[in-house]
1. Does segment 65-119 hold any residues that are without any contact (Cβ under 8 Å) to a residue 12 or more places away in the chain and closer than 20 Å to residue 154 by Cα, and which are they?
2. Please pick out the residue among 210, 161 that is in contact with a helix residue (DSSP H, G or I) (Cβ under 8 Å, 6 or more places away or on another chain), modelled with pLDDT of 95 or more and either buried (at least 17 other Cβ atoms within 10 Å of the Cβ) or over 30 Å from residue 254 (Cα atoms) (or both).
3. Looking at (1) in contact (Cβ under 8 Å) with a residue 12 or more places away in the chain; (2) in a helix (DSSP H, G or I), which one does residue 274 not meet, given that it meets all the others?
4. For segment 164-186, how many residues meet the condition of being buried (at least 19 other Cβ atoms within 10 Å of the Cβ) and either in a helix (DSSP H, G or I) or at positive phi (or both)?
5. Residue by residue through segment 251-271, note down the ones that are part of a loop (DSSP other than H, G, I, E, B) and either assigned by TED's automatic domain parsing to the domain that holds residue 129 or in contact (Cβ under 8 Å) with a residue 40 or more places away in the chain (or both).
6. Here are some residues: 236, 241. Which one is buried (at least 21 other Cβ atoms within 10 Å of the Cβ) and part of a loop (DSSP other than H, G, I, E, B)?
7. Could you please give the count of residues in segment 291-326 that are in a helix (DSSP H, G or I) and more than 30 Å from residue 109 (Cβ to Cβ)?
């Protein structure tokens, strides 16, 4: 007859909290659970919604062949001990709105969510998804006071995936054979870099003419707005959730993947005190390294213009938060 050992092994399942149970948050929870990466806590202020979504996901476990715990809650205490906290909470864009238009509505939401989450998970790594993403990441980092390696924004992975998709569609090739790099802010001033885009190692500049590449670059810059205009009642959520899941996976599995993410810069690329999209190596501690690419003068200038726009919006957001707390 089997008897358990007197000192049972202590098993720790990774835990990821997703704050905001909207389309991005709920799809991300599904991705994480069905990839068997971690247990998931889905938190939202709307009573019953995260609980219902969690139950729905739980009922699919036997079909999807995983046994991850999925909790829906309105209480931050249920997020205790999270390894990663992802903030997707906030209002989405509507047709005609820019990401920057969301400053006033989303700044307070993200700051409060970050403060509440860090109180229960002081060792967590934070990934910010709420728009305007670079600004929200800065505000969250400032609010919780974590080292820069443990706070980042999801931006470049999504923007690069869009660029890769448009290149693959143009050339009629397998999307997974296309690799691209998009830096800068997550907005109209993002910096796609065609000379770093390849198809199975072949530079895209050898496969497409300059006019076509510029057209694809512009479509990438407007990738989110294009979806908003088509849907009318919401924005993208499948691709943003997938992009965030790639980051979560690299951190939880210590994959050291080189991914473009919104990182806090301290002199890299000649920039300071700003979150901006740059290539980083992600591992179990968060951002292990920021890779400095040899950019051309034109690319560097575009990156600095993008960073200045982020700085301007950070100042606006800080003024808004100050006026709210007076």
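1. 101, 112
2. 161
3. (2)
4. Within segment 164-186, the first condition is being buried (at least 19 other Cβ atoms within 10 Å of the Cβ), and the residues that meet it are 164, 166-167, 178, 180-186.
Of the ones still in play, those that are also either in a helix (DSSP H, G or I) or at positive phi (or both) are 164, 166-167, 184.
So the answer is 4.
5. The answer is 253, and nothing else.
6. One residue alone meets the criteria, 236.
7. First, the residues of segment 291-326 that are in a helix (DSSP H, G or I): 297-325.
Subsequent filtering for residues that are more than 30 Å from residue 109 (Cβ to Cβ) retains 297-302.
Number satisfying all stated conditions: 6.
Residue-wise test of (1) within 21 Å of the chain's Cα centre (by Cα); (2) crowded, with 18+ Cβ neighbours inside 10 Å; (3) modelled with pLDDT under 95.
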{"site": "60", "(1), (2), (3)": "no, no, no"}
{"site": "65", "(1), (2), (3)": "no, no, no"}
{"site": "78", "(1), (2), (3)": "no, no, no"}
{"site": "97", "(1), (2), (3)": "yes, no, yes"}
{"site": "119", "(1), (2), (3)": "no, no, no"}
{"site": "127", "(1), (2), (3)": "yes, yes, no"}
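The values are calculated or read from the model by the stated rules, or taken from the named source; none is laboratory data. What you see is a predicted model; the values in this text were computed from it and never measured. Neighbour counts run over all protein chains shown; Cβ positions are idealised from the backbone, glycine included.
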